1. Name the residues in segment 7-53 that are polar (S, T, N, Q) and open to solvent by less than 100 Å² (accessible area, probe 1.4 Å), would you?
2. Going by the structure shown, is residue 142 open to solvent by less than 30 Å² (accessible area, probe 1.4 Å), within 8 Å of the ligand (Cβ to nearest atom) and among the aliphatic types (A, V, I, L, M)?
3. In segment 145-160, what residues are more than 24 Å from residue 112 (Cα to Cα) and near the ligand (Cβ under 8 Å from one of its atoms)?
4. Of all residues in segment 61-71, how many are modelled with pLDDT under 75 and surrounded by 10 or more Cβ atoms within 10 Å (Cβ to Cβ)?
5. Going through segment 90-112 one residue at a time, which ones are open to solvent by 40 Å² or more (accessible area, probe 1.4 Å), within 8 Å of the ligand (Cβ to nearest atom) and part of a loop (DSSP other than H, G, I, E, B)?
6. Can you tell me which residue in segment 113-139 is farthest from residue 48 (Cα to Cα), limited to those that are in a helix (DSSP H, G or I) and within 8 Å of the ligand (Cβ to nearest atom)?
7. Please name all residue pairs, on different chains or six or more residues apart, with Cβ atoms under 7 Å, provided the first residue is in segment 142-168 and is more than 17 Å from residue 59 (Cα to Cα) and the second residue is open to solvent by 70 Å² or more (accessible area, probe 1.4 Å) and more than 10 Å from the ligand (Cβ to nearest atom).
8. With the requirement that a residue be among the polar types (S, T, N, Q) and either open to solvent by 30 Å² or more (accessible area, probe 1.4 Å) or without any contact (Cβ under 8 Å) to a residue 60 or more places away in the chain (or both), what does segment 113-139 give you?
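The values are calculated or read from the model by the stated rules, or taken from the named source; none is laboratory data. Predicted, not measured: the structure shown is a model, and the values here were computed from it. In this analysis, Cβ positions are derived from the backbone assuming ideal geometry, glycine residues included, and neighbour counts consider all displayed protein chains. Side chains are part of the model used for accessible areas, which takes the heavy atoms of the whole protein and leaves out ligands, DNA and RNA. Shrake-Rupley method; radii C 1.70, N 1.55, O 1.52, S 1.80 Å.
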Amino acid sequence: MRLFKQLVGVFAVAGLLIGVLAIFAFDVIKIDWVVFMEIQPSFGTQEDPLPVPARSIPVEGPVYIPGAGAPANPVLADEVSLARGAQLFTIHCQMCHGVNGQGTGPIAAFLIQKKPADLTVDLVQNKDDGTLFLTVSNGFGLMPALNENLTVRERWDVVNFVRTLKAAGQ
Ligand code: HEC
């Protein structure tokens, strides 16, 4: 009987200790411990990609060197490039900018603040290839940056294809 009482005592004390620990472990009572994990250059969900650090060159080659202006188009608008561009446009741009680039894609109706630009108009077509390339790479106003969706080569293919929309739209 004595042993039984002692066991009950031990379990009661252990239970109490675990209970008290659980209160803190499960944040029933939240103590703001000093931690340093949060003090780091992290970024939240759906935040824009971090800009390329100054003086760095991505593995895909010098896409855009800060201060050097818009890059020149290194990809000839040949048959292959245009065919690829057309395909990529369908995948990455058409839902907003529409089949003919006139800004009437299926989700354009849901974009309340700003409608996708009409890519056939002179305002867009008069911009040089490098500027369009940077628009796709870094985003433009409310258009998201697509540099993580398209490789450098793919972006130039899309730019070459966007050029063909001028004739198609007019
Ligand atoms: C999520 C929808 C969306 C997608 C996807 C998208 N765009 Fe856009 N785009 C927009 C919106 C919205 C604007 C207008 C932004 C503003 O004016 O604030 C815009 C603007 C532009 C402009 C700028 C026109 C100007 O005035 O200079 C270009 C060029 C462009 N888009 C090309 C593309 C290309 C090429 C793709 C595919 C690689 C693409 N966009 C994908 C929504 C989108």
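1. 42
2. no
3. 150, 155, 158, 159, listed by residue number.
4. Of the residues in that region, 6 qualify.
5. Within segment 90-112, 107, 111 qualify.
6. 123
7. Hits for this filter: 145/48; 145/138; 157/84; 165/100; 168/100.
8. Hits for segment 113-139 are 113, 120, 125, 126, 131, 135, 138.
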